[in-house]
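A short write-up of the structure that comes next.
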Amino acid sequence: MMPWLRSWVLKALRNARGFCGPHRQQPPLPDPQKIVATWEAISLGRQPVPEYFNFAHDVLDMWSQLEKAGHRPRIPAFWWVNGKGTEVKWNFEELGEQSRKVANVLQDMCGLQPGDRMMLVLPRLPEWWLVSVACIRTGAVVIPGVSQLTEKDLKYRLQASRAKSIITSDSLAPRVDAISADCPSLQSKLLVSDGSRPGWMSFRELLREASTEHNCVRTKSQDPLAIYFTSGTTGAPKMVEHSQASYGLGFVAIGRRWMDLTKSDIFWNTSDTGWVKSAWTLFSAWSNGSCIFVHELPRVDAKIILNTLSRFPITTLCCVPTIFRLLVQEDLTRYQFQSLRHCLTGGESLNPDVREKWKSQVGLELHEGYGQSETVLICAVSKGMKIKSGSMGKASPPYDVQIVDDEGNILSPGEEGNIAVRVRPTRPFCFFSCYLTLLYKALPTWFSTLVAH
């Protein structure tokens, strides 16, 4: 073969390999229908929990991959608004990019390693969701708290948890400074603000400079994901630890069955970010590819909520009964909720008159649910289930829920007792891992929700 021809052939072969190689190396696109069905089967206790699981990598990055490949429309996965006309929208690809930047901030600037704990106390700002996802990416354990925490509350939580870092806003930073000298484990403080404060790193400045490249930590299903402090109704608040699986996989079926969520739904939960219901929404909605809608809502205002429901295409609403009681005091006939199709409530008792007024004026039932910091959803009135006044519905799989006496004996129908979840011989995977550093005497077979707090 002539030298010039041999050179041309070799060059052509190299180009051909360069063109075809990446296509051969590309893994097949995930089938979301099959994958979500598998997650749901695990969530229901019908399949074993995998050894490794990471919600950011296995769930959020899957939706992002489908968006990039054009197999999913680039619709919002997160939609935030305030009362000043500002909106923030991220699809799953943008959510992934932003959360990877935050993950780099947590690792590089805060020095957080897998298993380290970070306290997260923010109002309803987009950064709360970014930090929550970034903690999962880095393997750090997030500890959410409400913005109403006092100096005493903060000191107790920081000391008990030995958190290495805290992220908060202008309003809470002075309280943290007042007690930080008594919290030797606290090594870094991040401020979410457009301003600055001595001794604090500016979260937004660091985020602007951070890289979008980040390798997600490979976490085991039983590795810790979050710690919640209980309300402390029977003593000092307890630290409840949840795993990558108990939260990351435990809400798939709940999102589909109680919340009735699909990839086209926009879900608004008005809960404070410090309560478990915000985490419930994050995992339930994004497991099922739904959009999370958030209004900054600096104060509870019935008219703001009703106007928001009228203005935005929200399909699913979740509020505590107290808020629904406020809403039904308004003239609901003045509002048109053209997209709203499913309503949820929980966290406290629901009066029958509130349910009836909402149904008569809006045309939708209120589907009640019950759970605790230590669990996911224990029982609920799911979509399509008959509504019975005074009933919280049926047990949510994989929980075996019974009414028991103080000795753990199952009571007959109509007898008053303790709501209990069976934990032996098989402990539900979507159950909290443990109470950290605190002793708790449980019943031999049952976990009594009455004495949990």
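All of the numbers you see were taken from the coordinates with simple rules; none came from a lab. These figures come from a predicted structure and were not determined experimentally. Glycine gets a Cβ as well: all are built from the backbone with ideal geometry, and neighbour counts include every protein chain shown.
Using Cβ point charges alone (K and R +1, D and E -1), the dipole size of the chain about the Cα centre works out to roughly 1360 debye. Ordering 278, 86, 321 by the projection of their Cα atoms onto the charge dipole of the chain, which places +1 on the Cβ of Lys and Arg and -1 on the Cβ of Asp and Glu, puts 86 at the extreme positive end.
Checked against a 21 Å cut-off, the cross-linked pairs 277/383; 89/189; 357/383; 68/89; 34/89 give Cα-Cα distances beyond that limit for 89/189; 34/89. Ranked by the mean number of other Cβ atoms within 10 Å of their residues, highest first, the peptides 246-255, 326-335, 358-367 come out as 246-255, 358-367, 326-335. Which one is right for this structure if Cα extents along the principal axes in Å is calculated from it: (1) 71, 56, 37; (2) 113, 54, 43; (3) 96, 53, 53? It is the one labelled (3).
Each peptide in 316-322, 230-236, 51-57 was scored by the mean count of other Cβ atoms within 10 Å over its residues; highest first, the order is 316-322, 51-57, 230-236. Rounded to the nearest 0.05, what FRET efficiency do residue 416 and residue 436 have when you use their Cβ-Cβ distance and R0 = 45 Å? After rounding, the FRET efficiency stands at 0.90.
DSSP assigns beta bridges within the chain; of those with both partners inside it, close to 45 percent run antiparallel.
Summing +1 for each Lys or Arg and -1 for each Asp or Glu among the other residues whose beta-carbon sits under 15 angstrom from that of residue 429 gives -1.
Answer rounded, prolate or oblate for the range 161-227, using the Cα gyration tensor with square roots of eigenvalues a ≥ b ≥ c: rounded when a/c is under 1.5, else prolate when a/b is larger than b/c, else oblate. Verdict is oblate for the range 161-227. Where in the chain are the helices, taken as whole DSSP H runs, whose Cα atoms extend 20 angstrom or more along the long axis and whose Kyte-Doolittle mean reaches at least -1.0? The answer, listed by residue number, is 3-25.
Taking Cα centroids, how far is the range 125-158 from the range 341-392 in Å? The range 125-158 and the range 341-392 have Cα centres separated by 29 Å.
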